[in-house]
Structures are given as C-alpha cells and as structure tokens.
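The values are calculated or read from the model by the stated rules, or taken from the named source; none is laboratory data. Quantities reported herein were computed from a predicted structural model and do not represent experimental measurements. Neighbour counts are summed over all protein chains in view; Cβ atoms, including those assigned to glycine, are modelled from backbone coordinates with ideal geometry. SASA here: full protein model, heavy atoms, side chains in, ligands and nucleic acids out. Shrake-Rupley method; radii C 1.70, N 1.55, O 1.52, S 1.80 Å.
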Amino acid sequence: MAARPPVPLGRFLLLLAQEHLEFRLPEITSLLSLYGGQFSDQQEICVNSPFWILNIPSEEMARRIMKRTVCAKSIFELWGHGRSAGELYASLKNYPMDKMLPYLQPDSTYKIRIHTFNKTLTQAQKIKKIDALEFLPFNGKVNLKNPEHVFWILEDYGMDPNNVPEEPFDLYFGRWIADGQRELIESYSVKKRHFIGNTSMDACLSFIMANHGRVKPNDIVYDPFVGTGGLLISSAHFGAYVCGTDIDYNTIHGLGKASRKNQKWRGPDENIRANLRQYGLEKYYLDALVSDSSRPVWRKGMLFDAIITDPPYGIREATRRTGSQKESVKSAERSTENHIFISSNYHLSDIFFDLLKFAAEYLVMGGRLVYWLPIYRPEYTEEIIPRHPCLKLISNCEQMLSSHTSRRLITMEKVKEYKDQDQNSYLLDDQYMPYRGHNSFREKYFSGVTKRIAKEEKDNQK
C-alpha cells in the first residue's frame, strides 16, 4: 500500500506576548498536538523572540490554536519575510499569485496596519511603508473601520531597548487570521473573583496549565490540592468537567477567615461552586471533597483525562496529611468538632511521589499531569525532577520567585499502563536520594529571606 503524501504545510507568523517566555513553546506545541499537528524541527523560531514562523497544516488549525492560547497575541498567513525592505518586497513578488487573489478582489474591502517591536514609528513613517507596497495588486476598496481583510507589516527591532537600530532586523507581511485569548487574563482576574485564598493561581498561568494539559471539551480534570478551585475554572472554561479534593475542610466549604484585605470572615456564598457560577461554568462542576491526597479515595478504574494541580510548598500553605488510624482513634476521644482529627507533616518529596504514583494509576493513556515543583536554585539540576516509569516528561518551565528560589511547571504524559510493580518503583532508583532535597525547601526559602532582610538593614545603616 502506497504511503499517503504528506499534508502540505502553510507558513504562518505567530506574534507572541513578551511574558512567561519559557512557557510559550510548550503551550503552542501542546495545542498543535491537541489538534493533530506536529511541531517539527524545521520550525523557524527563536525562543525569546516575539515573532515565530510556524508550518501548520491548515488555516483552520491555526484558528483553533488561537481560540486557546494565552501566550500568543495574533497569527498571520505569512506572504513575505526579509532582513531588509528589499528582501521583503522580493519575497512578496515570489508569493504564489493564486494564494493572494482571493483576498484582493475588486468587490472586497481591506486595510493595512503596522506593528513594530521595540520601536515607535511616526504616522508619516507608517504611511511611507504602506505606500511602498503599491506593487501588490490590491483591487478592493480601503475600509479602515470594518474591512473584510486586514494585512499587517510587522517589524522586529531586536530585544535591547537601549540599543535600537535604525532599520529592523526582520520584516514580515501577512494576512491576519485570528487573535489569541489574552483578554481571558483580565476577565478571569483573581482580583475580581468571588472566592480566593492565599495561594489562588494567577489567571494567565491557570490557562497556560490547562493548555499544557491539553484539556478539551468533555474531559474529566482533577486537582488533588484544589484549594479555592482556581485551576478548575480554566479547565471548565475549555469545556472540561472538573473536580477536586483538599485536606482543608474550611477551604472546601468556604468557612473561616477571609484572604481579602478588610474582610475578616468568608461570606455565606464563598465557595468553589460560586466561583464557577460567577463565570457561567457551574454545569461543569462535579464536586470537591475533603480528602487526603496521600490516601486516594477513588475506586480502581476511575480515570482522569488530566490532573492539574499546585501542591503546597509549606510557605503560605502547610504541607499536611492525616495521621495514622491509631492516632485518629485517640484524637477522636478528645475531639468532636474537628472534621479531620489529626494531621502530620507531609514531606515535599512524599507529596510529589504520591502525586506521580496517583497520576500513573488514574490517568487515561495519553493523559497529562501538570504541576508546580518548588526549587532552591543554587542546588537545581534536572536530576531532582521526580520521575515515574509510566510517565514521560514533556516540558519543564521555570518561574522565578526570588533570587534563590523558583518554581517549575512540570508537564508529564502517561505513556505506559500502570501495574502493581510500578507502585514503588522509584524507591529502587539510584536517583531517589536527590529528591529528598525538596523537603528542606521551606528552610532554604526563609533562610534566603532572612539574609535579604539582614542585608537591607545593613545597607540602611550605612
């Protein structure tokens, strides 16, 4: 049987936001694979640049990616690219006319816009650049308010704001296809959210996590450290059914002290369900349970499409788990009010190994685990990233917390069916000992804070 010919790839220009730089490539790669595309080695990208040239099978796939991404601003069908104006014009003259003509018809309307990175142009300069494109066969009418087609000149003047060149390093011309979902960052802002906690996740990062996890409509997404449910919201926005557990009874039920300034106690309707209701997503909310993540409550065969979570690091939220059954019986004789009678320290290394073991057992094949790992930067090596034989590491992105600490967004994919012998396989791994370093993250974090305060006091005395 003859092999099917490869799908012809269109060339598209992606304009990216200049924040969370490490997270952009894994997000776009994950979304490409979600919609059946593949990120090839031939893609023309510089990771820190705001302009990427991508080979994508179709305009429809490009639109679908832009309906999800929060890292990208816009995508364009690329008609020309050069290192100088002359090169750009030559590139445009070589672009196939049959691909241009549908958008240049006499009965169509259009406008041309200019975007420059790291430089501001005067209106006169912009008009001059637009007029220089008169060799293109634009037969339609200009409509600045509501055009059918929008074309863009995009110029890259480099990354150094203190050394801006006279001429751009790269010039692009293309037809606008779609914008990304950057407006979600504002509309889902934690500042406007009904129910928040001390560690509620930033909206932008929540959506990045959902995209890294390839969350799609009708998935079931689980957060074992659900807190106030911030990570459930982004998954529900993309059409997934969401649920979670947390050891903190008060957080699950919206009781106790409020996290907001000038508010002492939580209100009667401050809970996870109310958060999803606020955004019209309540129909995707399955439930949130009071439960200890070190002792899973799920029956065998309960499979999740994605596990997306932010475990406690012991800084703003305590790392706790329930005590032994023997201790709980003794505690029950003394207490009738506490819903979880006794808790004990839950070492960070144990949290992450329990999480990976749970993901290996309860994720569907190809399902993803996305979680944050706190790091003491002077001691970081890739060897301290927890591993499991059933899970493949997909991406590892750093977010700085301070000069000496950071957290890494780890994305893993289930590639092997879980078997009983995989339960404690990591204990046989020679690399297990370095993971124990996570247990002292809290002490190292605060030792750095203490040193910084002492240095500031010393500087102030000078």
Neighbours by Cβ (under 8 Å, 6+ apart or cross-chain): first from the range 114-138, in contact (Cβ under 8 Å) with a residue 24 or more places away in the chain; second of a type in the set (D, E, K, R) and part of a helix (DSSP H, G or I): ILE114/LYS126; ILE114/LYS129; PHE135/LYS93
Of everything in the range 5-18, what is surrounded by fewer than 18 Cβ atoms within 10 Å (Cβ to Cβ) and either over 17 Å from the mean Cα position of the chain (by Cα) or modelled with pLDDT under 95 (or both)? Give them in sequence order. PRO5, PRO6, VAL7, PRO8, LEU9, GLY10, ARG11
What are the pairs, 6+ residues apart or on separate chains, where a residue within the range 75-87 that is among the polar types (S, T, N, Q) has its Cβ under 9 Å from a residue that is assigned to a strand (DSSP E or B) and surrounded by 21 or more Cβ atoms within 10 Å (Cβ to Cβ)? SER84/LEU171
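Looking only at residues in the range 103-142 that are open to solvent by 70 Å² or more (accessible area, probe 1.4 Å) and assigned to a strand (DSSP E or B), which one is nearest to HIS81 (Cα to Cα)?
Going through the range 103-142, the residues open to solvent by 70 Å² or more (accessible area, probe 1.4 Å) turn out to be 105-107, 113, 120, 122-125, 127-128, 131, 134-135, 139, 141-142.
Keeping just the survivors that are assigned to a strand (DSSP E or B) gives 113, 141-142.
On the way: ARG113: 16, LYS141: 25, VAL142: 24 Å.
The qualifying residue nearest to HIS81 (Cα to Cα) is ARG113.
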Which of (1) in a strand (DSSP E or B); (2) under 22 Å from the mean Cα position of the chain (by Cα) does GLU77 not meet, given it meets every other one? (2)
Is it the case, given these coordinates, that ARG68 is modelled with pLDDT of 95 or more and within 22 Å of the chain's Cα centre (by Cα)? yes
Residue list for the range 113-145, restricted to those being under 19 Å from MET100 (Cβ atoms) and of a type in the set (Val, Ile, Thr): ILE130, VAL142
Hey, ALA90 hits all of (1) open to solvent by less than 40 Å² (accessible area, probe 1.4 Å); (2) modelled with pLDDT of 95 or more; (3) small (Gly, Ala, Ser) but one; which does it fall short on? (1)
Which one of these does PRO165 not meet: (1) open to solvent by 20 Å² or more (accessible area, probe 1.4 Å); (2) at pLDDT 95 or above; (3) under 21 Å from VAL70 (Cα atoms); (4) not aliphatic (A, V, I, L, M)? (3)
Out of all the residues in the range 62-85, which are out of contact with any Leu (no Cβ under 7 Å at 6 or more places or on another chain), surrounded by 18 or more Cβ atoms within 10 Å (Cβ to Cβ) and within 19 Å of PHE23 (Cβ to Cβ)? MET66
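Taking the condition of being more than 16 Å from GLY80 (Cβ to Cβ) and not small (Gly, Ala, Ser), how many residues in the range 151-167 meet it?
As a first pass, look at the range 151-167 and keep what is more than 16 Å from GLY80 (Cβ to Cβ): 157-167.
Those left that are additionally not small (Gly, Ala, Ser): 157, 159-167.
Number satisfying all stated conditions: 10.
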